[in-house]
Every structure is written in structure tokens, then in C-alpha cells.
Amino acid sequence: MLGQVIDLFTPGCSVNLGIGLPTTILDVLAQRHANDPTAPDLDMFIQSENGVLGVAGRPTHAEASPTLINAGKETIRVRPGASFFDSALSFGMIRGGHIDFCILGGMEVDADGNLANWIVPGQKITGMGGAMDLVHGARHVVVVMTHFTKSGEAKLKEHCTLPLTGMHCVHTVVTDLGVFTPGNGRFHIRTLAPGITSADLNIPAHLLTLEDSGHASTT
Amino acid sequence: MSRPTTPRTRSKVYDSAHAALADLTSGIRLMSGGFGLCGIPENSIDVIADMPIGNLTVISNNIGNSGRGLAKLLQRRQVHHAICTYVGGNPDLEQQILNGEISVELVPQGTFSERIRAAGLGIRAFYTPTGVGTVVAEGKEVRMFDKPCLLEYPLDADVAIIKAQRGDTYGNLWFKEAARNFSPLMAMAAHTTIVEVEELVPLGGIPAEDVHLPGIFVQRIYQGRNYRNEIEILKVQG
């Protein structure tokens with residue numbers, strides 16, 4: 001699933017990784033590099049909303065600094081060419097359309113590209129943090145989430161039922177079952193995970209379309 | 001709002017946190033810099049927690065975590081209203097919300113940052129796409145541009161407490177790594193800005209090209225002490 005997100009990245013791209021699952025992408029990248037140091041480096045610039053461009057994974061114990069953290073308040077290291085800036089500039093970078101990819105977690109995405117990922121009514125209120133800004137401005141907003149809730153419902157819905165984070169803002173959804181493009185009341189299936197058919201998605205057929213070729217490609 | 005002037009005969013440098021904060025009163029709007037525990041004004045928070053003032057409106061990205069940072073003010077029941085972007089993992093706050101002792105206003109972080117910046121820079125209002133179609137849009141004017149946008153207004157304060165790594169006697173500031181975050185913005189927006197620094201240097205001690213926040217925005221500066229500089233979540237290799 002995280003590999004599918006990484007496959008979207010282009011060399012030299014800028015990326016904002018949301019807290020939680022998206023930030024584990026850095027661990028996956030570090031593992032890939034450890035397994036094959038000769039593979040070309042994506043040379044990405046990873047932005048963190050708290051005012052860092054050039055996040056580069058976990059520090060060593062000696063490097064760990066209380067003033068060098070990501071949006072999840074975890075210690076990080078930075079890459080050559082990194083920069084620090086204030087929060088207004090940071091969100092201006094996002095809102096002003098300068099970031100190539102925003103990767104966020106999700107609770108629900110609907111067929112119009114609306115996203116709900118910040119609150120469940122009745123549960124503890126944590127606040128939206130930067131999520132509502134992150135979905136406006138990035139050239140490519142990607143939601144990565146498990147396909148089903150704990151009770152077995154698909155998180156890809158006709159209409160979001162939870163309070164929204166943003167409207168018409170999701171370009172790509174990556175789940176453990178496939179990669180989808182929401183829009184105009186449908187989910188276009190871009191790829192399905194090995195062994196998965198559209199029937200396994202638990203999404204009503206009238207909400208699904210296949211790629212223009214008429215066949216969903218499988219990887 | 002008219003800004004305070006610092007007469008040339010009055011130095012901005014205070015001998016201690018107590019001296020710099022002595023005239024703070026109950027009921028004020030107080031901005032506090034920092035993201036989580038990163039870059040928080042530890043000394044000023046500790047002193048305010050010991051002062052007999054309350055009924056504060058606190059404006060900060062978070063409002064402390066597990067008794068650290070601004071949670072001290074919560075524990076001493078000094079906060080009446082909080083304006084934040086994220087308040088998860090804060091049992092002190094949850095209890096006071098349930099009891100009706102505190103009201104909380106949640107603002108998207110980019111809008112929060114820009115509202116504070118606008119207050120400092122004399123921008124009377126601005127439009128942003130953030131929050132359209134969400135609970136944040138309730139009661140707000142929506143105007144169509146290339147996409148619908150909400151009308152938002154500046155967010156100011158009576159006092160801002162911030163921390164910088166280095167500051168000179170005019171209040172020129174230099175921030176370390178990611179500890180900058182909201183502090184320069186709050187310094188501009190608040191009527192009275194009080195800075196604590198790890199290194200207080202003589203006038204001109206920061207090269208002009210390296211000043212992150214010009215001292216014109218700062219009213220009071222003092223040498224901080226005994227920093228805990230805590231790491232909230234340690235994640236390391238291996």
C-alpha cells in the first residue's frame with residue numbers, strides 16, 4: 001500500500017507527509033535504500049507543516065534534538081539543502097500551490113473527492129491541526145488508508161457521513177485493495193491489488209468505473 | 001490598535017522573568033509560541049503559573065500535554081478560553097471542557113497562522129479556501145474566486161510570550177531549527193511581546209542578514225534559565 005504511494009513520486013518532488021501512517025513512508029524508503037543502496041535516490045524534499053523543508057527520516061541518538069521535530073512531534077533529521085521557516089510561510093507553501101504531493105490518512109473519501117479524516121462525533125475532540133489546509137493547494141492530494149473499517153464497511157463511500165476535512169480535494173486514494181481516482185460521483189479504478197477483483201471492494205457497482213481501456217490493470 | 005512605544009531611555013532588557021511579567025493581569029488574551037513542546041517559553045509559563053491571575057484567553061497551537069507546557073495553566077485553573085489547532089492527548093483540558101470550565105475554539109493551523117500574521121501586518125481580513133464545506137465555515141461569509149473561500153479576520157492578543165535561541169538588547173531574534181513556528185507571527189500580532197532567550201547578546205550581536213525577527217516587534221527580553229528542552233516523542237534509527 002505504501003509502495004503504491006511511493007510509486008507516484010517523481011524525482012526531486014516536494015511532499016508533505018501527514019502524521020501517522022503517511023510518515024511511515026520514510027521508514028519504507030529507508031528500508032528500500034538499505035536493501036539496495038545502488039537504486040537511484042528520489043531526491044525528494046519532504047515538508048513538515050511546523051516549518052521544515054527537507055525532512056530525512058530518523059536521527060541517531062546523538063543527533064536527536066528537541067528543536068528538530070515533525071508535525072507528529074517526533075524527532076527527525078534533515079537532508080542537505082534543508083530550510084527552516086515560520087508557520088505562516090509553511091502553510092503559504094502549501095496553500096500557494098508549491099507542494100507537489102500531500103499524503104494524508106483518511107476515515108472516509110467519497111465519490112466527489114470529499115475527505116473526512118479529523119473527527120468522529122461522540123469521540124474525543126482532538127482538533128483538525130493542519131489537515132484542512134493541507135487538502136487545498138497541493139498539486140496532488142493522496143489519501144492512504146485501509147480499505148475497510150473495523151466493522152467491515154468500505155471507507156470509499158458515495159457520500160461522506162463524518163464531518164468533512166475538505167470538499168472536492170482528493171485526487172488519489174490508495175488502500176490495501178487498490179488505487180482509485182474519485183470524482184463526479186464515481187471511483188475510477190486505476191489498479192487493484194494482486195488477487196483482488198472489483199467485487200471484493202464492497203463498493204456498489206454504480207459507483208465504480210474502470211480505466212478508459214475498459215480493463216482494470218492489476219499489478 | 002496603537003502599539004506601545006519604548007522610550008529610548010527605557011531598556012527592553014529585564015533582569016528576570018518575574019520582572020518582565022509583573023504587570024500581567026487577569027482576563028488578558030495571551031499568545032504562547034511553540035509547536036508541541038518545541039520552542040515553548042518555559043520560563044514565562046512557569047512564572048505565570050505561579051501568579052494569582054486567571055480568566056485568561058490562551059492562543060497557542062496546542063495547550064500543553066500531560067502536565068507540561070501550558071497544561072500547567074490548565075492545572076491551576078487559570079484558563080477560561082483556549083484558541084488552538086490541535087488539543088489531542090490532553091486529559092487536563094478534556095476534564096475542564098466536560099465541566100464547562102473552559103471553552104475551546106479550534107482553528108485550522110494555516111488559517112490560525114495567517115490570522116495572527118494579518119494582525120501583526122495590518123491586514124484587516126483575507127479569504128482562504130481552507131474550511132469551506134466544513135464546520136469551520138459556519139457563520140462565515142463565503143465568496144467565490146477560482147474556488148469558494150471563507151472570509152477570515154485577524155487574531156491578536158494583549159501579550160505574547162515566546163522563546164528564541166538568541167536575542168540582542170534591541171530584541172532582534174534568531175530561532176533554532178524548527179523552534180521558530182508561530183513565535184515570529186505572535187511577536188508581531190501581540191500588543192506587548194515578551195521574549196526569553198537562551199543567549200542574550202549585545203546590540204548587533206546577530207548579523208543583520210541573519211535576524212529572523214526584527215526587534216521592532218519586541219517590547220521585553222530577558223535571559224532565560226534552566227531549560228528542560230524536552231523531547232516529546234523520541235524516534236531514532238535502529
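Just so it is clear, none of the values below were taken in a lab; they were calculated from the coordinates. Nothing here was measured: the structure is a model prediction, and the numbers come from that model. Here Cβ is always computed from backbone atoms with ideal geometry, including for glycine, and neighbour counts include all displayed protein chains.
Shape of segment A:8-99 from its Cα gyration tensor (a ≥ b ≥ c, root eigenvalues): rounded if a/c is under 1.5, otherwise prolate when a/b > b/c, or oblate?
Verdict is oblate for segment A:8-99.
Listed here are the pairs B:Lys72/B:Lys176; A:Lys124/B:Lys176; A:Lys157/B:Lys235; A:Lys150/B:Lys176; A:Lys150/B:Lys235; A:Lys73/B:Lys72; which of them are more than 31 Å apart at the Cα?
Values: B:Lys72/B:Lys176 24 Å; A:Lys124/B:Lys176 34 Å; A:Lys157/B:Lys235 35 Å; A:Lys150/B:Lys176 43 Å; A:Lys150/B:Lys235 28 Å; A:Lys73/B:Lys72 19 Å.
Listed pairs above 31 Å: A:Lys124/B:Lys176; A:Lys157/B:Lys235; A:Lys150/B:Lys176.
Within 10 Å of each Cβ in A:161-169, how many Cβ atoms from other chains are there, averaged over the peptide?
Working: counts 0, 0, 3, 7, 6, 7, 8, 4, 4.
Going residue by residue through A:161-169 and averaging, the value is 4.
Once amide H atoms are placed 1.01 Å from N in the peptide plane, what residues at a sequence separation of 5 or more from B:Arg166, or on another chain, have their amide H within under 5 Å of its amide H?
Answer set, sorted by chain and number: B:Trp174, B:Glu198, B:Glu199.
Length gain on complete extension for the stretch B:Val201 to B:Phe126, per 0.36 nm per residue less the alpha carbon to alpha carbon distance? Working shown, then result.
On the way: separation 75, 0.36 × 75 = 27.00 nm, distance 3.76 nm.
Length difference between fully extended and current span is 23.2 nm.
If you stretched the chain out fully between A:His98 and A:Ile6, how much longer would it get, using 0.36 nm times the residue separation minus the C-alpha to C-alpha distance?
On the way: separation 92, 0.36 × 92 = 33.12 nm, distance 1.92 nm.
That pair, A:His98 and A:Ile6, stretches by 31.2 nm at full extension.
Would you please name the trypsin sites (Lys or Arg not before Pro) within segment B:155-234 that are DSSP coil residues with at most 14 other C-beta atoms within 10 Å of their C-beta? Intermediate values should be presented prior to the final figure.
Numbers: sites: B:Lys163, B:Arg166, B:Lys176, B:Arg180, B:Arg220, B:Arg225, B:Arg228; in loops: B:Lys176, B:Arg180, B:Arg225, B:Arg228.
Sites meeting the loop and neighbour criteria: B:Arg225, B:Arg228.
Helix-only mean residue ellipticity at 222 nm, the protein assembly as shown, DSSP H runs n ≥ 4 weighted -39,500 (n - 2.57), per residue, nearest 500. What is it?
Values: 10 runs with 76 residues, N = 457.
Using -39500 (n - 2.57) per qualifying helix, the result is -4500 deg cm²/dmol.
Give the range of the longest stretch in chain B that excludes all chymotrypsin sites (Phe, Trp or Tyr not before Pro) found in loop regions by DSSP and having at most 13 other beta-carbon atoms within 10 Å. Intermediate results must be reported in sequence, preceding the final value.
Numbers: sites that count: B:Phe145, B:Tyr227.
Segment B:1-144 is the longest.
Once a ≥ b ≥ c are taken as the square roots of the eigenvalues of the Cα gyration tensor of segment B:1-124, is the result rounded (a/c under 1.5), prolate (a/b larger than b/c) or oblate (a/b not larger than b/c)? List each step's numbers first, then the result.
Numbers: a/c = 1.86, a/b = 1.29, b/c = 1.44.
Oblate is the answer for segment B:1-124, as a/c is 1.5 or above yet b/c matches or exceeds a/b.
Taking amide H positions as placed in the peptide plane 1.01 Å from N, state which residues far from A:Ser14 in sequence (5 or more) or on other chains have amide H under 5 Å from it.
A:Phe45, A:Asp100, A:Phe101
Just tell me how shielded B:178-190 is by partners: mean number of partner chain Cβ atoms within 10 Å of each residue's Cβ, no decimals.
Working: counts 17, 8, 10, 12, 5, 2, 5, 4, 2, 0, 1, 0, 0.
Mean partner shielding for this stretch: 5.
Report for segment A:8-99 the percent antiparallel among DSSP-assigned beta bridges with both residues inside it, nearest 5. Numbers along the way, then the final one.
Values: 6 of 9 bridges.
Rounded to the nearest five, the antiparallel share is 65 percent.
With each pseudo-label sitting 7 Å past Cα toward Cβ, what's the B:Val142-A:Thr38 distance in nm, one decimal?
5.6 nm
How large is Rg over Rh for chain B, taking Rg from the Cα atoms and Rh as the Kirkwood inverse mean of 1/r across Cα pairs?
Working: Rg = 18.0 Å, Rh = 18.5 Å.
Expressed as Rg/Rh, it is 0.97.
How would segment B:144-238 be classified by its alpha-carbon gyration tensor: rounded, prolate or oblate, with rounded meaning a/c under 1.5 and the a/b versus b/c comparison settling the rest?
Values: a/c = 1.96, a/b = 1.26, b/c = 1.56.
Judged from the Cα gyration tensor, segment B:144-238 comes out oblate (a/c at least 1.5, b/c at or above a/b).
Calculate the mean, over all residues of peptide A:71-77, of how many other protein chain Cβ atoms lie within 10 angstrom of the residue's Cβ. Please list the in-between numbers first.
Details: counts 5, 4, 12, 7, 7, 3, 2.
So the per-residue partner count for this stretch is 6.
Taking Cα atoms, how many degrees apart are the long axis of helix A:24-35 and the longest axis of chain A, rounded to 10 and kept between 0 and 90?
The angle comes out near 70 degrees.
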